[in-house]
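The values are calculated or read from the model by the stated rules, or taken from the named source; none is laboratory data. Just so it is clear, the model here is predicted, and its values are computed rather than measured. Cβ placement follows ideal geometry from the backbone for every residue including glycine, while neighbour counts extend to all protein chains displayed. The protein model used for the area step is the full one, side chains on, heavy atoms only, and it has no ligands, DNA or RNA in it. Shrake-Rupley method; radii C 1.70, N 1.55, O 1.52, S 1.80 Å.
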Amino acid sequence: MDSPENKKRLEDIYNQLVHIANGNFSYQIERTDKNDALEALTFLVNSTTEELRDAFLYQGFIKMPNSYEMVVQLYFELDGKGQIIKTNPTVDTLLHFKEGTLNGLPLSQLLEKSSQKGWKKLLKASPKDRIWELTLQLSLSEQSGLLLSSLFHIIYFPEYGNQLATFMMTSFDLVKKEETDQGFLQKKLKQQLQAHGLLPKPQKTDTHILRAVDLENLRKAKQHIMDNLDMPLPSIKELAHFCNTNEYKFKKGFKELFGMTAFQYQKHERLRKAHMLIEHSNKTILAIARTVGFKKGNHFAREFKKRYGYSPSVLRRLSK
């Protein structure tokens with residue numbers, strides 16, 4: 001435990017916990033091949049970070065004093081060979097580099113090993129004579145060694161006239177959003193205009209407040225769905241009975257809490273688990289599809305591409 005390597009691993013875990021405490025769920029700790037307590041702790045911290053991030057994504061619509069919103073996190077402009085031309089200032093801040101020092105470096109130098117392989121294959125195999133775009137999961141190494149993992153939307157522009165070939169890469173992240181005085185004033189102004197008939201009054205909507213027991217039961221239903229992704233979704237009547245409520249309250253409560261219907265949530269989690277298994281396991285794509293509840297491979301491939309912008313086979317090639 002006192003070896004320099006283990007001290008570095010403990011330091012990475014500590015840094016990750018500091019990021020979580022500050023409300024930043026973007027980073028991940030790089031995994032090793034070891035089978036010890038530190039590796040188990042690393043897995044636990046990474047999993048907790050991902051669950052917290054997903055929880056804010058599902059509950060981000062709830063009005064809170066400090067809610068979260070999606071903003072552009074990282075922006076890279078690269079030349080046709082994958083070398084960095086420029087970035088937004090947030091890249092330097094999150095990766096802890098001095099301003100301008102990344103310009104001219106190959107992007108692969110910032111990527112962890114598995115992402116390097118996928119990026120190099122993309123550079124080699126992608127067409128050079130037309131515009132194309134895709135979304136790709138990449139992990140960047142920041143100065144202390146933690147991994148900043150994100151989905152990047154990549155657009156390639158081929159050489160045209162005097163314009164050299166370029167890549168545009170953008171990722172998004174969750175950030176805290178403070179309630180502002182300006183927003184308060186706009187709300188008051190809108191109310192005054194409505195009171196004087198200068199704006200239509202909002203229509204009354206059928207809303208109800210979820211009690212603590214409702215939240216607990218709905219989260220149990222969510223966990224039941226996650227634990228049985230390979231099984232057909234129970235009927236709304238069965239799920240409502242599981243939550244000790246009626247069908248109407250279950251449907252409304254589930255969507256209020258998680259931002260999607262139970263069916264949409266199941267499909268979301270099936271595809272998320274499939275993405276992870278394709279990237280990090282040796283199972284065949286068809287076996288993975290069946291593991292997460294898709295009976296037909298073509299249906300799975302169609303839904304996967306609709307969600308991520310690329311097919312399961314492309315992800316498998318880039319992950320090797």
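Return the residue satisfying two criteria in turn: it lies in region 73-101 and is in a helix (DSSP H, G or I) and touching a residue at least 40 places away in the same chain (Cβ under 8 Å), and of such residues it is least open to solvent (accessible area, probe 1.4 Å).
Keep residues of region 73-101 that are in a helix (DSSP H, G or I), which gives 89-95.
After this cut, where a residue has to be touching a residue at least 40 places away in the same chain (Cβ under 8 Å) as well, the list is 94-95.
Working: 94: 28, 95: 0 Å².
Filtering region 73-101 for residues that are in a helix (DSSP H, G or I) and touching a residue at least 40 places away in the same chain (Cβ under 8 Å), the one least open to solvent (accessible area, probe 1.4 Å) comes out as 95.
Quick check, is residue 276 out of contact with any Lys or Arg (no Cβ under 6 Å at 6 or more places or on another chain), within 30 Å of residue 32 (Cβ to Cβ), among the aliphatic types (A, V, I, L, M) and free of Cβ contacts under 8 Å to residues at least 12 places away in the same chain?
Yes.
Suppose we filter region 129-144 for residues that are touching a residue at least 40 places away in the same chain (Cβ under 8 Å) and within 18 Å of residue 318 (Cα to Cα); how many remain?
We begin by selecting, within region 129-144, every residue touching a residue at least 40 places away in the same chain (Cβ under 8 Å); these are 133-137, 139-144.
Filter once more, keeping what is within 18 Å of residue 318 (Cα to Cα): 133-137, 139-140.
Total meeting the criteria: 7.
Six or more apart or on different chains, Cβ atoms under 6 Å: show the pairs whose first residue is in region 27-51 and in a loop (DSSP other than H, G, I, E, B) and whose second is among the polar types (S, T, N, Q) and open to solvent by less than 50 Å² (accessible area, probe 1.4 Å).
If the second residue must be among the polar types (S, T, N, Q) and open to solvent by less than 50 Å² (accessible area, probe 1.4 Å), the pairs left are 29/16; 29/42; 29/46.
Evaluate the following for residue 57: is it in contact with a strand residue (DSSP E or B) (Cβ under 8 Å, 6 or more places away or on another chain) and at pLDDT 80 or above?
Details: in contact with a strand residue (DSSP E or B) (Cβ under 8 Å, 6 or more places away or on another chain): yes; at pLDDT 80 or above: no.
When the stated conditions are applied, residue 57 does not pass them.
For residues that are open to solvent by less than 30 Å² (accessible area, probe 1.4 Å) and of a type in the set (Ser, Thr, Tyr), tally how many sit in region 255-271.
Within region 255-271, residues that are open to solvent by less than 30 Å² (accessible area, probe 1.4 Å) and of a type in the set (Ser, Thr, Tyr) number 1.
Checking the conditions here, which among 232, 202 is modelled with pLDDT under 80, open to solvent by 50 Å² or more (accessible area, probe 1.4 Å) and assigned to a loop (DSSP other than H, G, I, E, B)?
Values: 232 fails: modelled with pLDDT under 80.
After ruling out the rest, the residue left standing is 202.
Tally the residues that are more than 18 Å from the chain's Cα centre (by Cα) and modelled with pLDDT of 65 or more, restricting the search to region 60-77.
2
Restricting to region 259-271, name every residue that is within 17 Å of the chain's Cα centre (by Cα) and either under 26 Å from residue 318 (Cβ atoms) or assigned to a helix (DSSP H, G or I) (or both).
Filtering region 259-271 down to residues within 17 Å of the chain's Cα centre (by Cα) leaves 259-260, 264-271.
Listed by number, the residues that qualify are 264, 265, 266, 267, 268, 269, 270, 271.
Given the structure, is residue 250 more than 15 Å from residue 312 (Cα to Cα), loosely packed, with under 13 Cβ neighbours inside 10 Å and of a type in the set (A, V, I, L, M, F, W, C)?
Numbers: more than 15 Å from residue 312 (Cα to Cα): yes; loosely packed, with under 13 Cβ neighbours inside 10 Å: no; of a type in the set (A, V, I, L, M, F, W, C): yes.
For residue 250, the condition - more than 15 Å from residue 312 (Cα to Cα), loosely packed, with under 13 Cβ neighbours inside 10 Å and of a type in the set (A, V, I, L, M, F, W, C) - is not met.
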